[in-house]
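The values are calculated or read from the model by the stated rules, or taken from the named source; none is laboratory data. Everything numeric in this text was worked out from a predicted model, so none of it was measured. For neighbour counting, all protein chains shown are included, and Cβ atoms are generated from backbone atoms with ideal geometry for every residue, glycine included. With ligands, DNA and RNA removed, areas are computed over all heavy atoms of the protein, side chains included. Shrake-Rupley method; radii C 1.70, N 1.55, O 1.52, S 1.80 Å.
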Amino acid sequence: MVRFLAAPVRVRVPATSANLGPGFDALGLALGLHDEVSARISGVGIRVTVSGEGEGELPTDHDHLIVRCMLATFDRLGDRPDGLELACHNNIPQARGLGSSSAAIVAGILAARALVPDGARRMPDSEVLELASEIEGHPDNVAPCLLGGLTIAWIEDGRARAARLEPDAGIRPTVVIPTDQGLTAHARAALPAEVPHRDAALNAGRSALLIHALTGAPELLMPATEDRLHQGYRAPAMPETAELVRRFREAGMPAVVSGAGPSVLVFGTAEEITKSEIPVTSGWRVMPLDVDARGAVVGVDLQHAERDPVAAGRAS
C-alpha cells in the first residue's frame with residue numbers, strides 16, 4: 001500500500017558538464033545554475049507549467065520528461081497517484097551540453113520519491129542513480145546532478161555507480177553558450193566504432209591527471225584536458241565550438257566541449273576570457289559559474305505535511 005504526501009515538494013537540480021575533455025562518459029562536474037520544480041498530488045490528470053528556458057516549447061502533459069520520470073518512479077515505488085501538478089522554472093539552457101535532460105530526470109525521480117512518505121526507504125540514492133542512468137542512457141551527467149561536486153561514474157554488473165570528489169577551491173568554470181541547440185544523438189553518431197590504441201592510452205593517462213588537477217592541482221588543467229577520443233570526431237558537426245576550444249587553448253586557457261556540445265567549458269574567469277581578446281560573437285553568451293557542491297536538493301512544505309517526511313536527496 002502506497003501513501004502519498006499531501007504537501008507539495010520542491011526540487012532544485014544543478015546544471016552539469018560531462019566528459020571534461022578526456023573523461024568521456026565517466027567524469028562530470030556540477031555547476032551553479034539550477035532548474036527548480038514544485039510538484040504536488042492533485043485530483044485527476046497531469047498539469048505542467050513551464051517558465052524560463054523551454055517555455056512555450058516543452059510539453060505540458062504526460063510527455064514532459066519530468067512527468068515521465070515521476071511516473072516511472074511511482075511504478076517502482078508501487079503505485080501511481082490519480083493526478084499531478086508541476087511548476088517548472090528552468091534556468092539551464094536546453095540541448096546545449098549542460099545537462100538539461102539529466103536535471104529533468106533527477107528532478108522527476110526525486111520529486112516522486114519525496115511525495116511518498118517512506119520513498120527514501122523504498123528507493124535509496126543508489127537506486128535513484130540506477131534509474132536515472134537507465135532513463136538517460138549513461139550516468140556521467142546524472143551522477144553530478146544528484147551528488148554535486150566532481151563525480152566519476154561507471155557501469156558495474158549492469159548497474160550505474162558513482163564516486164563523488166571535492167573539487168579544488170581554485171576551480172573557476174565559465175561556460176560559453178551558443179544560441180543554437182545541439183543533439184546528443186547526433187554527436188554520438190559522429191564517433192567511430194574504434195580508435196587507435198595510442199589515443200586510448202593518452203586519454204586514460206589524461207583522465208587520471210584530470211582528477212588530480214581538479215582536486216588539488218589546477219595548474220595542470222591544460223595538459224589534463226587534452227582529448228583524442230571524441231572532440232575531434234565531433235568537430236565537423238559543430239565547427240564554431242571546435243574553433244572556440246582551439247583558440248582558448250592556444251591562449252593558454254584550459255577549454256573543452258561541454259558534454260556533447262555545443263557549449264564550451266573554460267576553466268577560467270570571465271575577466272580572463274576578456275583579457276584573452278578571443279572574439280566571442282553575439283551568438284554566444286559567457287556565463288561564469290560556481291561549482292555546485294550540494295547536488296540535488298529536496299524540500300517539503302511542512303506546514304501542509306501530515307507528518308515529517310523521510311529525507312529525500314539532500315535536505316534543504
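Computed quantities for the displayed model
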| read-out | value |
| --- | --- |
| Highest-first arrangement of 201-207, 281-287, where packing means the average Cβ count within 10 Å | 201-207, 281-287 |
| Net charge of Cβ neighbours under 13 Å - reference LEU209; Lys, Arg +1; Asp, Glu -1 | -2 |
| Between segment 73-116 and segment 206-271, the Cα center-to-center distance that results, in Å | 30 Å |
| Electrostatic dipole magnitude of segment 131-270 [Cβ: Lys, Arg +1; Asp, Glu -1; Cα centre; debye, to 20] | 140 debye |
| Accessible area of the chain divided out per residue, in Å², using a probe of 1.4 angstrom | 44 Å² |
| Of GLY83, GLY216, GLY299, the one that fluctuates the most in a GNM where the chain has Cα springs shorter than 10 Å | GLY83 |
| Cα gyration tensor, segment 182-287 - rounded (a/c under 1.5), prolate or oblate | oblate |
| Average silhouette area of segment 235-300, convex hull of alpha-carbon atoms, in square nanometres | 6.1 nm² |
| In order through segment 196-209: 3J(HN,Hα) via Karplus (6.51 cos²θ - 1.76 cosθ + 1.60), integer Hz, x for Gly, Pro | x, 4, 5, 6, 4, 5, 4, 5, 4, x, 5, 5, 4, 5 |
| Cβ crowding within 10 Å averaged over residues, with 255-265, 61-71 ranked highest first | 255-265, 61-71 |
| Cα-based shape type of segment 39-124, given that a ≥ b ≥ c are square roots of the gyration tensor eigenvalues and the cut on a/c is 1.5 | oblate |
| With every protein chain in place, the chain: carbon and sulfur % of accessible area (1.4 Å) | 50 percent |
| With all protein chains modelled, accessible area of ARG172 [1.4 Å, Å²] | 130 Å² |
| Relative contact order (%) - criterion: Cα under 8 Å, at least six apart; region: the chain | 26 percent |
| Dipole of segment 124-181 [Lys/Arg +1, Asp/Glu -1 at C-beta], most positive-end residue of ALA153, VAL142, LEU165 | LEU165 |
| Positive-end residue, the chain charge dipole about Cα centroid, Cβ charges, pick of GLY205, HIS230, SER51 | GLY205 |
| Dipole magnitude (debye, nearest 20) for segment 92-138, charges at Cβ of Lys, Arg, Asp, Glu | 180 debye |
| Helical contribution to [θ] at 222 nm, DSSP H n ≥ 4, -39,500 (n - 2.57), averaged over the chain, rounded to 500 | -9000 deg cm²/dmol |
| Rounded if a/c under 1.5, otherwise prolate or oblate - segment 138-211, Cα gyration tensor axes | rounded |
| Cα centre as origin, Lys/Arg/Asp/Glu Cβ charges: segment 11-121 dipole, Debye | 280 debye |
